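Chemist: Dropping a structure here in C-alpha cells format, bear with me for questions.
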Amino acid sequence: MKRKKSDLRLLAFLLVLPVLMVSCAGQVKKAPPPPAPAAGKPESRLPKAEQEKLAFKAFNNILNLTVDKPRQQILPDLEKAYHDIINNYPDTYIAQESYLHLIEMDLDDFNPRRIDDAMHLYREYEQRYPDFKFGAVIQDKLARFFYENRLWGDLMQIIRPTIANYIKTGKINGPFFLFLYAEDKLNTGDRVEAEKGYKTVIQYFSASTEARLSRGRLEEMKKKK
C-alpha cells in the first residue's frame, strides 16, 4: 500500500515513542555495556586482497574439520578457528560471517546456551563494523532465538534499534520486527501498545504472514476482554 512518508513517520512516532521511553526505564534486565574493542587488534594489517586469500583458506580448513568428526566433539576447535579469522583477517567478508557462526554456536550448539557470549559478540560486531553488512542477519538470528524462547527483555534489546530507526526515517525492511515488538508488549502485559503494534503491521503490510498473525492476535484479545 502506498503511503506518504510524513504520515508514516508521524504515526510511528505517536504509536511507538512513548512506549520505548517506558521500556527503557522499566527493563528488569539491564543491557550489558558495549564491550571494548578486542585486545590485540592489529593496527598494521595485511593488504585486503591477501587477507581475503588467507581467510578463504582458513574457512576451507574449518569445513574440513567437520568432515570426519561429529560437530559436538570439535566445538572448541571451531570456535578458535572463527576467532582466528576475525582477529587475523578483520577486513574480510568472511570475518563478518564468522561472527554469525560464533553466535549460532553459542545459541544452538552449546549446552547450556551461551546467551551472554552471543550478545557480547553482537556488541563487538557493531563496534568493529559500522557498515553493518552482516548485521541484519545476526539481528534476525538473535531476535528469532529470543522470541522462540520467550526472552522478552533480550528480544527488546535487539529490535529497539530497528524500531527507533523506523520512528526517525519512516522506513523499515518488513513487518517482522514490528510484529515482534507487538508480541513483546502483549507478553509483558502492555495490551494497549500491543494492539497498536498489530494494527500498524496490518495497515502497512496487509498481505504479509505477520499481518495474518496480527489479525488472529487481535481476535484473541477481543475474546479475553
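The values are calculated or read from the model by the stated rules, or taken from the named source; none is laboratory data. In this text, all values refer to a predicted model and were calculated from it rather than measured experimentally. We place every Cβ from the backbone using ideal geometry, glycine too, and count neighbours over all the protein chains shown. Side chains included, ligands, DNA and RNA excluded: accessible areas come from the protein's heavy atoms. Shrake-Rupley method; radii C 1.70, N 1.55, O 1.52, S 1.80 Å.
Chemist: Can you bin region 136-225 into rounded, prolate or oblate? Criterion: square roots of the alpha carbon gyration tensor eigenvalues sorted a ≥ b ≥ c, rounded for a/c under 1.5, prolate for a/b above b/c, oblate for the rest.
Modeler: Values: a/c = 1.67, a/b = 1.24, b/c = 1.34.
Cα axes put region 136-225 in the oblate bin.
Chemist: Moving on. Take the Cβ-Cβ distance between Phe56 and Phe132 as r, set R0 to 22 Å, and report the resulting FRET efficiency rounded to the nearest 0.05.
Modeler: Numbers: r = 22 Å, r/R0 = 1.01.
Computed FRET efficiency for Phe56 and Phe132 comes out at 0.50.
Chemist: Can you compute the equivalent ellipsoid semi-axes for region 65-121, i.e. the square root of 5 times each eigenvalue of the Cα gyration tensor, sorted largest first and rounded to whole Å? Don't skip to the answer; put the middle values down first.
Modeler: Numbers: eigenvalues 69, 50, 12 Å².
Here the semi-axes work out to 19, 16, 8 Å.
Chemist: Filter Lys57/Lys80; Lys199/Lys225; Lys199/Lys223; Lys48/Lys168; Lys199/Lys222; Lys199/Lys224 down to the pairs with a C-alpha to C-alpha distance above 25 Å, please. If you can, show how the numbers build up before the last one.
Modeler: Details: Lys57/Lys80 15 Å; Lys199/Lys225 17 Å; Lys199/Lys223 17 Å; Lys48/Lys168 35 Å; Lys199/Lys222 13 Å; Lys199/Lys224 18 Å.
Table pairs above 25 Å Cα-Cα are Lys48/Lys168.
Chemist: At 0.36 nm per residue, and after removing the present C-alpha to C-alpha distance, how many nm does the segment from Arg215 to Thr169 gain when stretched out fully?
Modeler: 14.0 nm
Chemist: Keeping all protein chains in place, calculate the accessible area per residue for region 69-143 (probe 1.4 angstrom), answer in Å².
Modeler: 46 Å²
Chemist: Something else now. Given a Förster radius of 22 Å and the C-beta distance between Lys222 and Arg150 as r, what FRET efficiency does 1/(1 + (r/R0)^6) yield to the nearest 0.05?
Modeler: E between Lys222 and Arg150, to the nearest 0.05, is 0.45.
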